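Worksheet: the structure to be examined is printed underneath.
What follows draws every value from the coordinates through simple rules; no lab data is involved. From a predicted model like this one, the values you see are computed outputs, not experimental measurements. No Cβ is skipped: glycine too gets one built from the backbone with ideal geometry, and neighbour counts run over all protein chains shown.
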């Protein structure tokens, strides 16, 4: 009887390790993103102007991606103040990132922070964050750089 009890405890312990293993596997990793955002149009959401940008770039743990950036231009000055980036990797996984920034017209760039809010596929439940830079690169084009961490 003691043998069966010991065997049952070992089986239960292994079951806990197998079930909880994926939770333990989540770790914070370095995350860098470099993308070109090309203006594709805009629309109004109440008093808020939303700029739509097509994204193409590369990010650690994502690889090459395409996506959409929705940039908020609040009144009264209509300077970019942040937005949401939705990236789609070549294998179909998505990563959603929220940015908050302030624009310096003299530098032609926005600096701020980003927060990873989730995604799909391997990025379901992803989190993380860091610093952001979006710099004008010519008419209708912005270079986007993110530097921080990701957990998934």
- Tell me, what is the Rg over Rh of the stretch 26-151, with Rh the Kirkwood radius over Cα pairs? 0.96
- Here FRET efficiency (C-beta to C-beta, residue 90 to residue 38, R₀ 22 Å, nearest 0.05) is 0.70
- Query: How big is the stretch 46-107 on each of its three principal axes, counting only the C-alpha atoms and giving the largest first in Å?
  - Reply: 41, 29, 16
- Query: Taking other Cβ within 10 Å of each residue's Cβ, how do 32, 44 sort, fewest first?
  - Reply: 44, 32
